[in-house]
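**Student:** I'd like to ask you about the structure that follows.
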């Protein structure tokens with residue numbers, strides 16, 4: 001715990017003084033991010049760091065494997081869908097970015113099965129993306145292909161939300177998919193189904 005408090009103290013003495021005006025404006029005027037990021041919970045892939053963003057720029061939802069479920073308004077608990085609804089319908093973000101990454105444990109669990117200790121929630125969660133594997137070639141680096149396929153699937157699932165579909169159709173919202181390679185630091189953009197270095 002002490003290292004977290006030490007980090008806070010560094011923030012308070014080194015970062016806060018220079019960023020005070022930004023935080024005060026965010027407190028006074030509220031948040032107005034132009035980008036919603038769906039990212040993995042993986043501790044090695046922080047969207048704010050990857051994109052060099054500052055507080056207030058991005059509305060971020062993180063979950064295992066950066067998965068977006070299909071639109072399904074029912075009595076269940078839908079944390080990712082709730083964040084999408086708030087970001088698109090209330091904050092009026094201009095873009096949604098799905099940020100997948102290399103060495104994703106959630107994608108590995110989808111391909112190989114979840115670890116025995118993670119079968120209560122991880123296994124059913126990643127099973128929503130099993131269809132992403134159906135059209136995937138079974139040669140080469142399967143995990144890299146699956147990580148890309150999951151980004152495609154999440155982008156497709158975004159379009160099942162009627163208010164996302166409407167906003168994309170009227171040009172007020174754009175969807176983007178990326179994959180970040182932890183080892184190399186290279187970010188690739190999904191263009192016409194293919195990853196292209198940024």
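**Student:** Given the Cα-Cα distance of residue 138 and residue 12 and 0.36 nm per residue of separation, how much length would full extension add, in nm? Walk me through the intermediate numbers first.
**Tutor:** Details: separation 126, 0.36 × 126 = 45.36 nm, distance 5.03 nm.
Length gained, residue 138 through residue 12: 40.3 nm.
**Student:** Then there is this: Mind sorting out which of [x] 131; [y] 162; [z] 111 is the real volume of the Cα convex hull per residue in Å³ computed from the coordinates?
**Tutor:** Computing volume of the Cα convex hull per residue in Å³ and matching it to [x] 131; [y] 162; [z] 111 gives [y].
**Student:** Moving to a separate point now. Separation of segment 1-32 and segment 60-115 by C-alpha centroid, Å?
**Tutor:** That distance is 27 Å.
Any read-out appearing in this document is the output of simple, stated calculations on the displayed coordinates, not a laboratory observation. Because the structure is a prediction, the values reported are computed rather than measured.
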